[in-house]
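Written out below as structure tokens is the structure these notes cover.
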Amino acid sequence: MKNKYTITYLALLVLTSTTAVFSNIFSGLKAISILILILSVLKFLLVAFNFMELKKAHPFWKVLLLIYLSVFVGVISVIF
Amino acid sequence: MKETNYKNIYYPPGGILMWILIFLELLTFGIAIVVLVASSKENTEAFKTSANHLNTTYGAINTLFLLTSGFFMATSLQLFKSNNLKKSKLYLNLTILGGILFLLLKSVEYHEKITLGYVLGYDTFFNFYWLLTAFHVIHVLVGLVILVSLTSSIKKGKTLLEDFEASAAFWHMCDLIWLLLFPVLYLLF
């Protein structure tokens, strides 16, 4: 179990570094901005599903979170 | 320690009331972020210039502080479930340390912005910056109070698993909100 958290933590570190690299190298490109947002959503999901144990919860809560994130990224991508 | 059946719709990890609160918070911050992005369309260049005044390194380090703190929180809860109270308390203290480091760095960042005159009312971008980040800081402060109270209840041996899970869920919620705020405020424009 502790190992699962360590793997999640390492994945979060890799995603954070990737986001920082992308934003520094390709700043200003709309596609990169959306990619940065998607990478952040991946981190969000890792925290919610693994650290908060949402993956053990009833599907209702998982679906609700996924709907929230889809609407959030969708609306921002359209407006931006 | 006996675990709850999380598969029941009424018992998500952390409790149903905590998850209702989490969704309300996410909705509030989500709407504010969408309004921020929509406002940026009115004056793209001004938003870009203002966003460039933010220090992305501070933002990235603060992300690491909160993610590390979240990792310690999850580990602490796991150790509590396996009745390893001593180690659980150690990890809980490390979680608190992560939160304090986040607040310290945020204070440095706020001090810099105030010194340079980028205060509330400077422009639309900084209005959003101050309101969103300060509202998040209040959540972190409340989370820290909850964690300190949890540490003291562990010392007294009075902690219930449900209380620990709810406290952990609140702390992780601070991570989740920051994970939405950081890319939009610091990187998107």
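Every read-out reported here was derived from the displayed coordinates using simple, explicitly stated rules and does not represent laboratory data. Small disclaimer: the values here were computed from a predicted structure and weren't measured. Glycine gets a Cβ as well: all are built from the backbone with ideal geometry, and neighbour counts include every protein chain shown.
Per-structure values
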read-out: Among (1) under 29 Å from A:Ile36 (Cα atoms); (2) in contact with a Lys or Arg (Cβ under 6 Å, 6 or more places away or on another chain); (3) more than 14 Å from chain A (Cβ to nearest Cβ) - the single one B:Ile154 does not satisfy; value: (1)
read-out: Count - residues of the range A:14-31 that are within 9 Å of chain B (Cβ to nearest Cβ), of a type outside the set (Ser, Thr, Tyr) and within 23 Å of A:Phe72 (Cα to Cα); value: 3
read-out: Criterion: outside any loop (DSSP other than H, G, I, E, B), among the aromatic types (Phe, Trp, Tyr) and closer than 21 Å to A:Glu53 by Cα - qualifying residue of B:Phe71, B:Phe102, B:Phe126; value: B:Phe71
read-out: Number of the condition not met by B:Tyr6 [criteria: (1) under 25 Å from B:Tyr186 (Cβ atoms); (2) crowded, with 17+ Cβ neighbours inside 10 Å]; value: (1)
read-out: Residue check, B:Leu77 more than 11 Å from chain A (Cβ to nearest Cβ) and either crowded, with 23+ Cβ neighbours inside 10 Å or not hydroxyl-bearing (Ser, Thr, Tyr) (or both); value: no
read-out: Condition met for A:Asn50 (at the interface with chain B (Cβ under 9 Å from one of its Cβ atoms), in a helix (DSSP H, G or I) and under 26 Å from B:Glu45 (Cβ atoms)); value: no
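Residues checked against (1) among the aromatic types (Phe, Trp, Tyr); (2) facing chain A (nearest Cβ under 10 Å):
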| residue | (1), (2) |
| --- | --- |
| B:Lys7 | no, yes |
| B:Tyr10 | yes, yes |
| B:Phe23 | yes, yes |
| B:Leu36 | no, yes |
| B:Asn43 | no, no |
| B:Ser82 | no, yes |
| B:Leu94 | no, no |
| B:His111 | no, no |
